[in-house]
Every structure is written in C-alpha cells, then in structure tokens.
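First the structure, then my questions, so here it is.
The values are calculated or read from the model by the stated rules, or taken from the named source; none is laboratory data. Remember, it's a predicted structure, so these values are computed and weren't measured experimentally. With ideal geometry, Cβ positions are generated from the backbone for all residues, glycine too; neighbour counts draw on all protein chains shown.
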Amino acid sequence: MKTAADKWYLTVQTFPELLHRNATQFGARRAQWWKTEGINTDSITYSQLAVIVSELSAGLMKLGLAKSDRACIMAHTSPPWVWADYSILCGGAITVCIYPTVSPAEIRHIVNDSGARFVYVDDEENLTKIKSVWPDMPTLEKVIFMKDEYEGGDERVISLNRLKASGRDLLSKDVAAYEQRWRGVTIDDPMTIVYTSGTTGLPKGAVHTHRSINAACRRDLAVTRPLRADDVFLSFLPLSHTYERECGHGCATHGAVTIAYSDPRTLVDDLRIFRPTVFMSVPRLFERIYMTMQSRTASSPVKKAIFEYAMKTGLALIDARTDKNGFIDMSEGADLTAGVPLSLKFRYKLIDKIMFSKVREMMGGRLSLTFSAAGSLPADLCKVFLAMGIRICEGYGSTETCNTININPVNKILPGSVGPVAPGVEGKIAEDGEWLVKGENIFAGYWNNPEATKEAFTPDGFYKTGDIVVMLADGYLKIVDRKKGLMVLDTGKNVPSAKIEAKFSLSQFIDVVMPVGDNRKYVGALVVPNFDAFIRHFDEQGIAYDRNTLVFSNADGARTCIQAGQDFIDKPELKAIIDADIQKVNAELEDYERIKKYLILRRKLTVEEGEMTPTMKVKRNEVIKHFNDEIKGLYE
C-alpha cells in the first residue's frame, strides 16, 4: 500500500526554491544527462546545476536585470535551455518562450509585446533572424549566445562564458545580492509568458505564475506512480511549449530525478542509450513508430504476415482485458495475460517473445509510462501500443491550463478518451458542449490583453477551452472537435473535422487530411501524401518518377521529403492508393461526413509557413488562406 511518504515531493514552492532545495538535499543526484559524441554522454548533478544557474543569473543581474523584467529563450530543447530558464527565474524575472523556428516577424511581435530586454539564442540562424529585426525591437538590449564562446564581433551579443564570468565577478563582491534576489520571488509572481501557437490569429502571451505551474506539477504527480531515484525522464519535445517544460522537466525536478536529452533525429538510438522510464510525446510520434514498424515488414510477405498476426493477437488480448465500458487496467507489474483464454495466452506469449519484447527493448527496456497529448490519440493506435506492453496515458489540456485538465490513469485507460477530470481541476460542460474548467493551474491572463483575458473566461470564472466534448462512462471525456473546427454544411449538418482527420492516423501513405466544407454542400479535403512512403513504394515496384522534382528537409529531425513534382502526384498508382484509403474511411463515416471530393497537395504543411503549430496541429485558417483557390476548385 502506497502512503503519502511515497510522494514526499508534492510540495508548494517557487521554482528558485525548488532548484535550491534539490541542490542542498539531493546535490549528488544526476540532474541532466546528454550525449556528446556517438554514444558518449556527459551529465551534471543538481548541485552543479545550481552553480551554473547562479553564475548566469548573477551575470544577468550585472547587465541590469531587475525583478519582473522579461527575458526570452529562443532555443531547441537542451540542458542550456534549463540553465537559461532558471537564470531568469532566480533573477526574479519572467521567462518568455519563443519557438525556435518562428519567423523574424513573430520574434519582433513577441519581444515587443513582452517588452523583453534580453534574449537567449542557441544558433547562428536564429541570431541572424533576431539581428534582422533588432532595429524594430527598442527594448532589446543584449542577446546571449548559448555557446561557451561567440566570435561574431557584435558587442550586443555575448557568450555563456562571458556572462558566467560577469556573474562570478558579482558573486565574489556581493553574494548576498543573488541570494536575496531568488529568495525574494513569491509564489504568486509571474513566472513565464508562453505565446500560444494557436490555430487561429496572432499569438497571445499566456501568463503563468509560480503557483499555477507548481499546482500543475502537483496535479500530474498525484495521478502517476511515485517517482523513484533511478527514474529517467527523456526529453525531446520543445521546452518552449508548456507540455515538456511542466509535465516533463517540472515533474522530474519536483522528484529530483534525472532528465536525459534527445531529439527526433536520434530518438531510436537515444532510447537504448538512456533507457528512460518516462517520456512525454505527441500522437504523431506514436504514429511514426507504428508506420516504421509497418514499412519495415512491407517488403517481405513473410515478415508482413508475422506483423499482421502479431497485431491481431495483441489486439485480441487487449479486447479480452477490456471491461464492458471499454476500460483497460494496465497497472505496472500486472500480468497482461491474466484471466484471458488459455489459447490466447499461449499465442500472445509467443508473439511477445518474437516481436513485442524486442520493441520494448528497442525503447530502452525500462519504459514504465508514456504520455500523449497536444492532439487526439486514435483509440486503435493506443490499443496497438498497449498490446505491445507500452503504456500510453492520454491526457488533454492547453497552454492556458498548463496542460493536464483530463488524464487517463494507468489502471483504468479508456482508448479514444482523454480520461476524467484531473485532481485539483473542476470542470463542467456548457450548453453548447464546450468544456469549461477551473483550478489553481489556470493561467493568470493574457499579457497586455485584458479584452482577450475577459473573453477567455465565463462570468463565473471558468476558463473556456474552446473544445467540444461528450461525456462517456465514469466521467471520462471524449473530445469531439475544436469549437471553431466544427464545420457546418449548408444543409445545417455539423461535421467534426477532428473525427475525419483521426481516421487517417494509421494510414501508411497519407500524412495529413484536412477536411473543408463550411457553408458548402458536402465535405471536401486537402490531402498531403506521405512522400517518403511513396518513394519507397515506387522504388520497390520499379515505378519511374522524376527525382529532380523532390525537395528534402532535415527540419523535422530526419531527412524527409517535403515536396514533389506534379508527375509524382499524377502517378496512377499514387492516386489509387490515396483513393482506397479515403474510401475505406468514408465507409466508417455518416453519409454527410464523407469526403466527396479531394485534392492531393504537392507539398507538406509546415510550421515555417504558419500552417502547423509547433505541436503539429493543423492551423485550419492559415491552410484555408494559403489554398483558397484549390478549395474553391473542389466545389466548382
């Protein structure tokens, strides 16, 4: 039986207090762990982390950082991101997050809206972006280049070593100044401004306090198993988004456990190196893992047959473990074959030995929990991973709620749902179906935008999530669609775009389907092919195509095809496969929800073009704007 002592870390404090608690009580524990070259790694302890932060924070103070000032971080997920964050927080200031792939115009908007005086940046490309709009950002004084040295010759830009040296100078003369500054931070002080990537409109700065993010961490830790000293959280999602920063880093730091660092390019290798026990993810990553497994068996009829038999057997086991309301107990340590028919138990144990155990070993062999959020996880995909013994707890929330407001507990998972309301959160469904919530974790408001703040809440203080939900068994919720994502046909029928999009999550050859149809007679769609899957298919089948028209990118963590020529799109084989997938989905939809006409696009939707959010959700309004003529063509 678990006791309160197992979760000793459910405490209330500011984040500077949390850092210094860990440095004094758990100073020898490993805090951050990362790769250097090849399979070599390096790490620092919590006491070493506190020293780095004190030098950087004192350096900022020497540059003139005052309490409640704003400083930005525009960088990829890495150990120095955390150093920068805590250096700002321990200086009594407010961390402003900038996603590292945004345009110069968006950088200018965020810096000017927040009034930031300093920006941390981690590469030359983004430094160039900042310099291109620096004349239009009057509050910006210095840029800190997140490398030990900077050779650019611009006095406005300083390196980490230079900032640390300046901090050490201040600490040698007045160590009390730093101590007084971080101790002067109060629980209700603003901690961060996170600009919503949003699927519509100009980004708004959601303000969270130390209290709201601490409450969010306590909420998440309350519903998961007790953290252990040997836990390793693997981090690869953007720290500029609240999901990884709070659910991953925030919770790991509360338990004083290790955070290891990866990125999508090396994730498979890194899982074996760091052997994590916990990580945060998004549905798209689970889709890609499944697609990779599927594609690796496609070339061999024998391997394909084994894969399909394994999936069928695994899903049969999950169905046998599912109760009458659809709930599945995936408690850690539970025997997945307990209580199932003997023949199924035998088949599953054989398949588990041949395939599933190897998948778990590929993921490090110690994985205890994974979490999926920032998009809908299709029920079938969730069941596929549960069948392999990989526990996925789907949750739901937003930047404004500091993530989780609903979550599936591991002992009672309902695939296709986002679970019941989380501890410490109060929720209710409005008359129009919108999910409304209250709690300590809710943001304080939008920076410099009282009108938007007022609009975000009901008169009785509930935050309006903008999502339409339906109630399932035992208070579990299912997200129907964004309130603004519901399409209304000219017949008056409501069509949830998310329902249609989710149906394609396991398609090997389709990357994105974006339904359209507002005020139209029927549903149309823009279809983005999985170019890489078709390249493999064409090569295997000996189908000729013009390789010179293909455009590749490394921006998504691996070399992927992002654009193809019209000859590629016009291949009868491609059109036949796409159409077969669409007709298969149409057979599962109501007649008025079915895709009647569609257009296959020649390029992927991208974050850089403003068509996808950083967490890979489609920004419908931007896509409709960019492909307006093509959409009109669907209805001519």
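Which condition from (1) surrounded by 22 or more Cβ atoms within 10 Å (Cβ to Cβ); (2) modelled with pLDDT of 90 or more is the one that Ala502 breaks?
For Ala502, the failing item is (2).
For the range 600-635, give me the residue count where each residue is at pLDDT below 85 and among the charged types (D, E, K, R). Give the derivation first.
Restricting attention to the range 600-635, the residues satisfying the condition of being at pLDDT below 85 are 607-610, 612-621.
Going one step further and asking which of them are among the charged types (D, E, K, R), we end up with 608-609, 617, 619-620.
Here the count works out to 5.
Applying the selection to the range 563-582, what residues are basic (Lys, Arg) and either part of a loop (DSSP other than H, G, I, E, B) or on the phi > 0 side of the Ramachandran plot (or both)?
Looking only at the range 563-582, we keep the residues that are basic (Lys, Arg), and these are 571, 575.
Hit for the range 563-582 is Lys571, nothing else.
Let me ask you something else. Only residues that are outside any strand (DSSP E or B) and either more than 16 Å from Met362 (Cβ to Cβ) or of a type in the set (A, V, I, L, M) (or both): list them for the range 257-271, please.
Step one: filter the range 257-271 for residues outside any strand (DSSP E or B), giving 257, 262-271.
If the condition is that a residue be outside any strand (DSSP E or B) and either more than 16 Å from Met362 (Cβ to Cβ) or of a type in the set (A, V, I, L, M) (or both), then Val257, Asp263, Arg265, Leu267, Val268, Leu271 are the ones that fit.
What number of residues within the range 339-378 satisfy the criterion of being under 19 Å from the mean Cα position of the chain (by Cα) and not in a loop (DSSP other than H, G, I, E, B)?
Residues in the range 339-378 being under 19 Å from the mean Cα position of the chain (by Cα) and not in a loop (DSSP other than H, G, I, E, B): 4 in total.
Which of the following residues is over 26 Å from Ile328 (Cβ atoms), surrounded by 17 or more Cβ atoms within 10 Å (Cβ to Cβ) and outside the structural domain of Pro496 (by TED's automatic domain parsing): Thr453, Thr458? Reasoning before the result, please.
On the way: Thr458 fails: surrounded by 17 or more Cβ atoms within 10 Å (Cβ to Cβ).
Of the residues listed, the single one that is over 26 Å from Ile328 (Cβ atoms), surrounded by 17 or more Cβ atoms within 10 Å (Cβ to Cβ) and outside the structural domain of Pro496 (by TED's automatic domain parsing) is Thr453.
If only one of Arg70, Arg21, Arg29 is among the basic types (Lys, Arg), within 26 Å of Glu125 (Cβ to Cβ) and in the same structural domain as Asp230 (by TED's automatic domain parsing), which one is it? Working first, answer last.
Numbers: Arg21 fails: within 26 Å of Glu125 (Cβ to Cβ); Arg29 fails: within 26 Å of Glu125 (Cβ to Cβ).
Only one candidate qualifies: Arg70.
Check Thr253 against each of (1) assigned by TED's automatic domain parsing to the domain that holds Cys217; (2) farther than 23 Å from Gly27 by Cα and name the one condition it does not meet.
(2)
Restricting the first residue to the range 180-197 and requiring it to be without any contact (Cβ under 8 Å) to a residue 12 or more places away in the chain, which pairs with a second residue that is assigned to a strand (DSSP E or B) and surrounded by fewer than 16 Cβ atoms within 10 Å (Cβ to Cβ) meet a Cβ separation below 7 Å and a spacing of at least six or different chains?
Pairs that qualify, where the first residue is without any contact (Cβ under 8 Å) to a residue 12 or more places away in the chain and the partner is assigned to a strand (DSSP E or B) and surrounded by fewer than 16 Cβ atoms within 10 Å (Cβ to Cβ): there are none.
Mind listing whichever residues of the range 389-413 are touching an Asp or Glu at 6+ places or on another chain (Cβ under 8 Å), surrounded by 24 or more Cβ atoms within 10 Å (Cβ to Cβ) and assigned to a loop (DSSP other than H, G, I, E, B)?
Cys402, Asn408
Also, I was wondering about something else. Here are some residues: Val527, Val585. Which one is touching a residue at least 60 places away in the same chain (Cβ under 8 Å) and in a strand (DSSP E or B)?
Working: Val585 fails: in a strand (DSSP E or B).
After applying the criteria, what remains is Val527.
Check whether at least one residue in the range 415-423 is over 19 Å from Leu472 (Cβ atoms), in a strand (DSSP E or B) and in contact with a Gly (Cβ under 8 Å, 6 or more places away or on another chain), and report yes or no.
no
Sticking with this structure for a sec: Return the only residue of Leu171, Leu202 being closer than 30 Å to Thr465 by Cβ and out of contact with any strand residue (DSSP E or B) (no Cβ under 7 Å at 6 or more places or on another chain).
Details: Leu171 fails: closer than 30 Å to Thr465 by Cβ.
After ruling out the rest, the residue left standing is Leu202.
Taking the conditions exactly as written (of a type in the set (Asp, Glu), within 22 Å of Arg284 (Cβ to Cβ), assigned to a strand (DSSP E or B) and in contact (Cβ under 8 Å) with a residue 60 or more places away in the chain), does Asp511 satisfy them or not?
Values: of a type in the set (Asp, Glu): yes; within 22 Å of Arg284 (Cβ to Cβ): yes; assigned to a strand (DSSP E or B): yes; in contact (Cβ under 8 Å) with a residue 60 or more places away in the chain: yes.
So Asp511 fits the description; yes.
Among the residues of the range 192-241 satisfying the criterion of being β-branched (Val, Ile, Thr) and buried (at least 24 other Cβ atoms within 10 Å of the Cβ), which is farthest from Ser87 (Cα to Cα)? Steps first, answer last, please.
Within the range 192-241, the subset β-branched (Val, Ile, Thr) is 192-194, 196, 199-200, 207, 209, 213, 223-224, 232.
Okay, now just the ones that are also buried (at least 24 other Cβ atoms within 10 Å of the Cβ), so 192-194.
On the way: Thr192: 13, Ile193: 16, Val194: 17 Å.
The extreme case among them is Val194.
So, in the range 480-494, of the ones that are assigned to a helix (DSSP H, G or I) and among the charged types (D, E, K, R), which residue ends up surrounded by the most Cβ atoms within 10 Å (Cβ to Cβ)? Spell out how you get there, then give the answer.
Let us first name the residues in the range 480-494 that are assigned to a helix (DSSP H, G or I), namely 483-485.
After this cut, where a residue has to be among the charged types (D, E, K, R) as well, the list is 483-484.
On the way: Lys483: 16, Lys484: 14.
It comes out as Lys483.
Sticking with this one: Give Val278, Val302, Val282 a once-over and let me know the one that is under 21 Å from Pro614 (Cβ atoms) and either not aromatic (Phe, Trp, Tyr) or not assigned by TED's automatic domain parsing to the domain that holds Ile354 (or both).
On the way: Val278 fails: under 21 Å from Pro614 (Cβ atoms); Val302 fails: under 21 Å from Pro614 (Cβ atoms).
The conditions single out Val282.
Specify which of the listed residues (Asp335, Asp352, Asp323, Asp319) is over 30 Å from Phe462 (Cα atoms), surrounded by 16 or more Cβ atoms within 10 Å (Cβ to Cβ) and either out of contact with any helix residue (DSSP H, G or I) (no Cβ under 9 Å at 6 or more places or on another chain) or among the acidic types (Asp, Glu) (or both).
Details: Asp335 fails: surrounded by 16 or more Cβ atoms within 10 Å (Cβ to Cβ); Asp323 fails: surrounded by 16 or more Cβ atoms within 10 Å (Cβ to Cβ); Asp319 fails: surrounded by 16 or more Cβ atoms within 10 Å (Cβ to Cβ).
Checking each option against the conditions leaves just Asp352.
Only residues that are assigned to a strand (DSSP E or B) and either acidic (Asp, Glu) or not assigned by TED's automatic domain parsing to the domain that holds Gly397 (or both): list them for the range 467-479, please. Even if it seems obvious, please write down each step before you answer.
The first filter runs over the range 467-479 and keeps only residues assigned to a strand (DSSP E or B), leaving 467-471, 477-479.
Within the range 467-479, Asp467 is the sole residue that qualifies.
Follow-up question, since we're still on this one. Quick check on the range 311-332: of everything there that is part of a loop (DSSP other than H, G, I, E, B), in contact with a Lys or Arg (Cβ under 8 Å, 6 or more places away or on another chain) and closer than 17 Å to Pro420 by Cα, which residue is modelled with the highest pLDDT?
Taking the range 311-332 first, the residues part of a loop (DSSP other than H, G, I, E, B) are 323-327, 329-332.
With in contact with a Lys or Arg (Cβ under 8 Å, 6 or more places away or on another chain) added as a condition, the list becomes 327, 329-330, 332.
With closer than 17 Å to Pro420 by Cα added as a condition, the list becomes 327, 329-330.
On the way: Phe327: 97, Asp329: 94, Met330: 93.
Ranking the qualifying residues of the range 311-332, first place goes to Phe327.
Quick one: is Pro138 touching a His at 6+ places or on another chain (Cβ under 7 Å), in a loop (DSSP other than H, G, I, E, B) and surrounded by fewer than 23 Cβ atoms within 10 Å (Cβ to Cβ)? Working first, answer last.
Numbers: touching a His at 6+ places or on another chain (Cβ under 7 Å): no; in a loop (DSSP other than H, G, I, E, B): yes; surrounded by fewer than 23 Cβ atoms within 10 Å (Cβ to Cβ): yes.
When the stated conditions are applied, Pro138 does not pass them.
Report yes if Ser54 is buried (at least 19 other Cβ atoms within 10 Å of the Cβ), among the hydroxyl-bearing types (Ser, Thr, Tyr) and assigned by TED's automatic domain parsing to the domain that holds Ile187, otherwise no.
It is true that Ser54 is buried (at least 19 other Cβ atoms within 10 Å of the Cβ), among the hydroxyl-bearing types (Ser, Thr, Tyr) and assigned by TED's automatic domain parsing to the domain that holds Ile187.
The rows are residues; the columns are (1) closer than 30 Å to Lys484 by Cβ; (2) among the hydrophobic types (A, V, I, L, M, F, W, C).
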{"position": "Val185", "(1), (2)": "no, yes"}
{"position": "Pro203", "(1), (2)": "yes, no"}
{"position": "Asp220", "(1), (2)": "yes, no"}
{"position": "Asp231", "(1), (2)": "no, no"}
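Return the only residue of Thr45, Thr36, Thr77 being free of Cβ contacts under 8 Å to residues at least 12 places away in the same chain and assigned by TED's automatic domain parsing to the domain that holds Ile193. First the steps, then the outcome.
Values: Thr45 fails: free of Cβ contacts under 8 Å to residues at least 12 places away in the same chain; Thr77 fails: free of Cβ contacts under 8 Å to residues at least 12 places away in the same chain.
Unique residue meeting the criteria: Thr36.
Against the condition of a type in the set (S, T, N, Q) and either buried (at least 20 other Cβ atoms within 10 Å of the Cβ) or more than 23 Å from Thr491 (Cα to Cα) (or both), how does Asn586 come out, does it pass? Break it down into steps so the answer makes sense when it comes.
Details: of a type in the set (S, T, N, Q): yes; either buried (at least 20 other Cβ atoms within 10 Å of the Cβ) or more than 23 Å from Thr491 (Cα to Cα) (or both): no.
It is false that Asn586 is of a type in the set (S, T, N, Q) and either buried (at least 20 other Cβ atoms within 10 Å of the Cβ) or more than 23 Å from Thr491 (Cα to Cα) (or both).
Scan the range 610-632 for residues that are within 22 Å of Val194 (Cβ to Cβ) and outside any helix (DSSP H, G or I) and jot them down. First the steps, then the outcome.
Just the residues of the range 610-632 that are within 22 Å of Val194 (Cβ to Cβ), to begin with: 610-622.
Gly610, Glu611, Met612, Thr613, Pro614, Thr615, Met616, Lys617, Val618, Lys619 - these are the residues of the range 610-632 that are within 22 Å of Val194 (Cβ to Cβ) and outside any helix (DSSP H, G or I).
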